[in-house]
1. Enter the mean number of other protein chain beta carbons within 10 Å of the beta carbon of each residue in A:232-240, as an integer.
2. Below 8 Å between Cα atoms, with a sequence gap of 6+, how large is the relative contact order for chain A in percent?
3. As a test of the formula, what do you get for chain A when each DSSP H run with n ≥ 4 contributes -39,500 (n - 2.57) and the sum is divided by the residue count, at 222 nm and rounded to the nearest 500 deg cm²/dmol?
4. Return one quarter of the surface area of the convex hull spanned by the alpha-carbon atoms of region A:126-206, equal to its mean projected area, in nm².
5. Please sort A:238-248, A:381-391, B:26-36, A:184-194 by packing, taking for each peptide the average over its residues of neighbouring beta carbons within 10 angstrom, highest first.
6. Cα gyration tensor of chain B, axes a ≥ b ≥ c as square roots of the eigenvalues: rounded (a/c below 1.5), prolate (a/b > b/c) or oblate?
7. Beta carbons within 10 angstrom, averaged per residue: use that to sort the peptides A:461-468, A:125-132, highest first.
8. Among DSSP bridges having both ends in the protein assembly as shown, what percentage is antiparallel? Round to the nearest 5.
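Only the coordinates and a few stated rules stand behind these numbers; no lab work does. No experiment lies behind these values; they were computed from the predicted model shown. Neighbour counts are summed over all protein chains in view; Cβ atoms, including those assigned to glycine, are modelled from backbone coordinates with ideal geometry.
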């Protein structure tokens with residue numbers, strides 16, 4: 001019973017709850033038990049919500065009273081620690097915010113609560129979302145449920161690992177340069193970066209405001225769509241929020257699963273991010289197979305070129321630090337978070353500098369100083385100004401490509417999960433992990449990662465990325481769900497069902513040779 | 001192009017209000033030289049005829065009616081402060097000399 005509850009999708013749980021086959025308290029308890037059993041090894045959570053069962057009981061009461069409830073009412077969800085939550089600490093993975101409980105909810109969190117989802121807790125992340133492995137969290141790394149000595153991707157490794165380890169059916173993430181999609185790829189899960197402005201950023205602790213976007217994390221495309229339907233839409237509290245009326249993304253995913261959705265769809269393979277140096281052979285193999293499958297289902301596969309994507313990482317690592325150095329100026333030891341007072345008489349500026357020295361980790365300091373440099377007089381035009389021009393070129397490449405095709409595809413990450421510790425002292429090699437995901441952030445277009453199989457050489461998950469024109473997020477769900485179904489039909493199972501069992505008893509039994 | 005010196009990093013850390021240790025400054029200088037060398041190629045492709053983009057989907061004149069909205073109470077605003085007197089944030093001296 002418990003095992004079937006944690007292995008159910010959010011869509012299935014929502015239906016079972018609506019049919020009163022199971023209560024939200026039972027579903028929530030099953031996930032809390034799972035967290036208690038495996039999170040010591042996985043470390044996906046920084047905080048587990050002590051009120052989760054009470055929230056679940058409240059949803060059960062409402063349902064019993066006949067109150068009309070949404071499709072995910074009573075379904076548990078994990079929340080990335082970058083989001084402000086009343087009643088739960090929100091640290092963004094940083095010591096400078098240790099124990100800080102915000103006085104308001106992020107809009108997306110308020111929307112989850114209004115739709116009666118049950119927050120389970122806060123998930124681990126690279127400090128202020130700066131990283132691709134969750135190793136830069138001030139609270140220790142998260143471990144990949146497929147292989148505990150490997151990274152779960154980043155910055156949202158906690159949310160991806162939580163759904164991959166069946167600790168939560170769904171989660172929220174944030175994606176500034178791939179922090180939802182790359183962890184999804186290396187944990188065999190699904191994640192979506194919506195169109196910039198499609199989901200409110202109010203109450204998300206900002207990293208780089210022109211790149212950040214909040215989005216869903218799940219084990220299936222339909223589940224991400226259901227979450228997106230809850231969190232999306234205009235928010236007057238976010239001045240970059242789009243006023244669009246969005247279609248139902250769950251309907252789009254269901255269209256994709258109905259069959260025939262890929263007939264005549266023009267799919268562009270982006271030459272610059274589809275292979276070459278730095279791409280693992282098993283990733284290329286699975287990508288080629290997935291393209292063949294899409295073609296067999298009636299899609300027209302064409303190669304397109306986006307020459308400026310070659311410079312996207314460089315532009316990103318100027319724009320992001322520049323914006324981050326400004327956004328993180330608010331951690332000044334005055335209004336929230338840590339305060340460190342140095343010895344002797346000190347001014348508020350001395351306190352600020354001592355606090356930021358003690359409260360920020362190495363990657364955050366690196367990026368703040370880099371951003372301060374890129375914005376300095378004399379360097380501004382050469383670095384930040386040039387990076388903004390590259391951004392224009394990347395947008396033009398997308399525009400030209402979308403004149404020829406309906407969606408673009410690439411591998412979601414160039415490699416499978418690498419061992420913890422392998423790249424942590426090599427910033428440049430760490431930055432290359434986001435090669436395939438960064439262009440979408442620079443242009444504001446939406447992207448999804450869908451599991452595309454295990455790499456033959458190491459048995460670890462790989463992901464395929466779809467990117468659509470801005471505002472066309474529905475295409476990601478339709479074609480993503482179609483591909484997911486084709487792959488699962490070929491395999492005869494879901495990819496995540498191949499992940500190792502993490503429960504301590506069975507692991508012990510396995511080493512004893514009892515199973 | 002990127003001749004980043006130790007003194008420069010020290011100055012930048014001062015601007016960013018981070019009291020880096022001498023070891024951190026040393027290490028960061030080397031790392032920044034590497035990173036900046038690798039990203040500096042953006043200036044080669046960014047020719048004069050290309051306009052800069054600061055925002056992916058720019059919106060203009062985003063306003064709301066000029067009426068008081070929901071705001072935090074003083075108590076809420078002070079709830080996460082390291083130090084306060086009940087109605088104001090408390091900090092150490094703003095100016096050094098007068099102390």
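1. Values: counts 0, 0, 0, 0, 5, 3, 1, 4, 6.
Going residue by residue through A:232-240 and averaging, the value is 2.
2. On the way: 1221 pairs, mean separation 88.6, N = 515.
Relative contact order here is 17 percent.
3. Details: 18 runs with 204 residues, N = 515.
Calculated from helices alone, the mean residue ellipticity at 222 nm is -12000 deg cm²/dmol.
4. Working: hull surface 20.4 nm².
The orientation-averaged projected area of the Cα hull of region A:126-206 comes to 5.1 nm².
5. Numbers: A:238-248: 15.8, A:381-391: 23.8, B:26-36: 18.2, A:184-194: 33.3.
The packing order, highest mean first, is A:184-194, A:381-391, B:26-36, A:238-248.
6. Working: a/c = 3.28, a/b = 1.26, b/c = 2.61.
The shape class here is oblate.
7. Details: A:461-468: 27.9, A:125-132: 30.1.
Ranked from most to least packed, the peptides come out as A:125-132, A:461-468.
8. Details: 29 of 45 bridges.
Antiparallel: roughly 65 percent of the beta bridges in the protein assembly as shown.
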